[in-house]
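Below is one structure; the comments refer to it alone.
The values are calculated or read from the model by the stated rules, or taken from the named source; none is laboratory data. This one's a predicted model, so the numbers in the text were calculated from it and none came from an experiment. In this analysis, Cβ positions are derived from the backbone assuming ideal geometry, glycine residues included, and neighbour counts consider all displayed protein chains. We work out accessible area using only protein heavy atoms, side chains counted, and drop any ligands, DNA or RNA first. Shrake-Rupley method; radii C 1.70, N 1.55, O 1.52, S 1.80 Å.
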Amino acid sequence: KKTTLPCDVWFTFVVMEELDGSGTGDFAKWFQTKGYTLQYSEVAAIFAEPTGLATVEYGHRGNYFIKAQAVGQAGHSGRPNSITRQAILIMNDFINELVRLNRIWAIRFKGSDFGLPSITLTSLEAKSKSPNKTAEKCEAIVDLRTIPLFDKEAYDAVSKIAKQKGVKLSFLYPPAPCGYTNPDSKIIKVVKDLFPNI
């Protein structure tokens, strides 16, 4: 039996979901450029995460993939006191501060509807030309996860620590923003009506 839906339903399958969300951004631009936004009085989106329809979430964490770089001196390891800036030690101080920041956020945001903001070291590299010389440069990759109402502030906190420690930050990918939908919005009420047990 043929059924007519009371609205149009678009299914989209996008790339870069795990990195910067650019596939979703490109679709949204295409949707607007083609004039589809003018055809509808309301537009809503549902991300079909694998929850088994056990819950309806109305927000998600954003993320910043950050490259941190510390530059120091290449000096003889037998005379460490003559080396004023050791890149590895600078980065070590920076990483320790990020660990401390995670602990602070765990207390501050305990019970948040969106989980905790977090920053996690995912990669660390420092190379020396000789085992008896210190590395001139140390690089780390960190994954900063933010929550609604604490997005730019989270990055600013990391950026402040980097500045204090003399570490330069840059983005590996454009930051992906947090998502938030008012829990009283029409789309959430519709989904809850359709699936009353969640």
* To do: Take region 114-136 and flag every residue that is touching a strand residue (DSSP E or B) at 6+ places or on another chain (Cβ under 7 Å), in a loop (DSSP other than H, G, I, E, B) and not small (Gly, Ala, Ser).
  => PHE114, PRO117, ASN132, GLU136
* To do: Mind listing whichever residues of region 33-50 are polar (S, T, N, Q), open to solvent by 100 Å² or more (accessible area, probe 1.4 Å) and not in a loop (DSSP other than H, G, I, E, B)?
  => THR33, GLN39
* **Residue satisfying all of: in region 1-23; hydroxyl-bearing (Ser, Thr, Tyr) and either open to solvent by 60 Å² or more (accessible area, probe 1.4 Å) or at pLDDT 80 or above (or both); nearest to THR181 (Cα to Cα) among these** => THR12
* Residue among GLU139, GLU153 that is within 30 Å of THR24 (Cβ to Cβ), assigned to a helix (DSSP H, G or I) and either over 22 Å from the mean Cα position of the chain (by Cα) or among the acidic types (Asp, Glu) (or both) -> GLU153
* All but one of (1) open to solvent by 40 Å² or more (accessible area, probe 1.4 Å); (2) touching a residue at least 40 places away in the same chain (Cβ under 8 Å); (3) touching a Leu at 6+ places or on another chain (Cβ under 8 Å); (4) not acidic (Asp, Glu) hold for PRO183; which doesn't? -> (3)
* Qualifying residues in region 124-158 (those that are open to solvent by less than 40 Å² (accessible area, probe 1.4 Å) and hydroxyl-bearing (Ser, Thr, Tyr)) - the one farthest from GLY21 (Cα to Cα) -> SER130
